Amino acid sequence: MTLAWARFIKIGIPASEVMAPFVSGVEIVCGVMLLAGLLTRLAAIPLLIDISVAFLSTKVPILLGQAFGMFTLPKLPRYGFLSMVHEARADFSMLLGLLFLLIVGAGKWSLDAKIAAAGERAAAAQ
């Protein structure tokens, strides 16, 4: 049993034995694509879905102070808005970063930019 699988079972994600490797694979592949700047906007979409489910399954129960649907409530000293915001600070950062990449796309040093420049050179040569 992997750590992700155990975590998924603990928070109430159904079919954890299938979902944990799938989500881990998506995070690794799309994360490498973002780092390389390859298909940046396309890679940001599955990661936005991933972070949204993570937020829903782990932070909404903290906000409500009780289990939310199938998602369990972790043991914390306090619950409510401030506790949820404290626990979600990394999630908010990732969400905003992914939204930025989805809107703006890759930068000039990315593989996307190099591929586009090579395509423009090939079109100009013809």
Give me the percent of the accessible area of the chain that comes from carbon and sulfur atoms, probe 1.4 Å, all protein chains in place.
73 percent
Show log10 I(q)/I(0) for region 1-113 at q = 0.20, 0.23 Å⁻¹, two decimals, from a solvent-free Debye sum over equal Cα scatterers.
-1.06, -1.21
Lysines with Cα under 24 Å of LYS10, excluding same-chain neighbours fewer than 8 positions away:
LYS59, LYS75
In Å and whole numbers, how far do the C-alpha atoms of region 1-66 stretch along each principal axis, longest first?
40, 29, 15
Need the list of aspartates and glutamates near LYS108 for cross-linking: C-alpha distance under 18 angstrom, and skip anything on the same chain fewer than eight residues off.
GLU120
According to the Cα gyration tensor, what semi-axes, each the square root of 5 times an eigenvalue, does the equivalent ellipsoid of region 60-107 have, listed from largest to smallest in whole Å?
29, 12, 7
Tally Lys and Arg at +1 and Asp and Glu at -1 over the other residues with C-beta under 10 Å from the C-beta of ILE62: what net charge comes out?
+1
What percent does the relative contact order of region 51-126 come to when contacts are Cα pairs within less than 8 Å and at least six residues apart?
22 percent
Can you run phi through the Karplus equation (6.51, -1.76, 1.60; θ = phi - 60°) for region 80-85 and list ³J(HN,Hα) in whole Hz, with x for Gly and Pro?
x, 4, 5, 5, 5, 5
Order by protection proxy (mean Cβ within 10 Å, highest first), peptides 104-110, 42-48:
42-48, 104-110
Provide the per-residue ³J(HN,Hα) series for region 35-49, in order, calculated from phi with Karplus coefficients 6.51, -1.76, 1.60 and θ = phi - 60°, each as a whole number of Hz, with x at glycine and proline positions.
4, 7, x, 10, 6, 4, 5, 5, 5, 6, 5, x, 6, 5, 5
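Would you mind calculating the relative contact order of region 1-79 from Cα pairs under 8 angstrom and at least 6 residues apart, reporting the percent as a whole number?
The value is 26 percent.
The values are calculated or read from the model by the stated rules, or taken from the named source; none is laboratory data. Small disclaimer: the values here were computed from a predicted structure and weren't measured. Positions of Cβ are backbone-derived with ideal geometry, glycine not excepted, and every protein chain shown enters the neighbour counts. Just the protein is used for accessible areas: all its heavy atoms, side chains included, with ligands, DNA and RNA removed. Shrake-Rupley method; radii C 1.70, N 1.55, O 1.52, S 1.80 Å.
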